[in-house]
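Structure record follows, encoded as structure tokens.
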Amino acid sequence: MFLDGKDWRNAFDSMRHEAWRLETLPVYRVPQEADAMRRYLDGEPVTREATQPWFDRVEGYKADGRTVGRVHVITRPLTDYLRFEFAHYRHNVEAGEDIRILDVTDRANPLSGAGDFWMFDRSRIVLMHYEPDGTQISREVYEGDPEPFRELQRTAIAESAPFEEYVKGFDV
């Protein structure tokens, strides 16, 4: 089963406790972000207003006692897209999202071979499929055992640093 539109939004809104994401790509080509990315590259800062819809959703989930988190696996130097995304992350963290960075520039990747996914309530998995250039192909509901994804989450969290800690001391 593939998720889109209302079904995708419902995956978040119907979670009882947690939505968590593993991100592994240096670039995501998101058509809705093209103008914002262009403005960012032209020197316009990413404001909280630009991130307001996600900010409000995360804040609402947190107010209901639910959590949203992610780990992004990266290597330096950061791509333009990662710098753009990091500018968004600052606002997401302010809203209450637990964002962590797993920098594998100078070490082996403990998640080598893992692909992007969202996990809801540690039981419902949505595989995120992308073209090599970062263009999303689909979101597929995974029907198998969620334990391997729970293990990826445990490893990702244990091996990563909180976003605010990671970005201390350098300009993003």
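The values are calculated or read from the model by the stated rules, or taken from the named source; none is laboratory data. No experiment lies behind these values; they were computed from the predicted model shown. Here the Cβ positions follow ideal geometry from the backbone for every residue, glycine too, while neighbour counts run over all protein chains shown.
A few comments on the model shown:
- Within the range 69-82, residues that are small (Gly, Ala, Ser) reach partners that are assigned to a helix (DSSP H, G or I) with beta carbons closer than 9 Å, at six or more positions or on different chains, in the pairs Gly69/Gln153; Gly69/Ile157.
- Residue match in the range 32-50 (condition: closer than 22 Å to Gly134 by Cα, at pLDDT 95 or above and β-branched (Val, Ile, Thr)): no
- Verdict on Arg122 being at positive phi, touching a residue at least 12 places away in the same chain (Cβ under 8 Å), in a loop (DSSP other than H, G, I, E, B) and not hydroxyl-bearing (Ser, Thr, Tyr): yes
- Just one of the numbered conditions (1) closer than 21 Å to Ala156 by Cβ; (2) touching a Phe, Trp or Tyr at 6+ places or on another chain (Cβ under 8 Å); (3) not small (Gly, Ala, Ser) is not true of Asp106: (2).
- Within the range 38-51, if we keep just the residues that are of a type outside the set (Ser, Thr, Tyr) and crowded, with 17+ Cβ neighbours inside 10 Å, the residue that is nearest to Ala158 (Cα to Cα) turns out to be Val46.
- When we screen Arg57, Arg83, Arg76, Arg66 for residues that are out of contact with any Ser or Thr (no Cβ under 8 Å at 6 or more places or on another chain) and surrounded by fewer than 17 Cβ atoms within 10 Å (Cβ to Cβ), the only hit is Arg83.
- Residue match in the range 128-143 (condition: out of contact with any Leu (no Cβ under 8 Å at 6 or more places or on another chain) and within 14 Å of Arg21 (Cα to Cα)): yes
- Among the residues making up the range 126-165, those that are part of a strand (DSSP E or B) and not β-branched (Val, Ile, Thr) are Leu127, Met128, His129, Tyr130, Gln136, Ser138, Arg139, Glu140, Tyr142, Ala161, Pro162.
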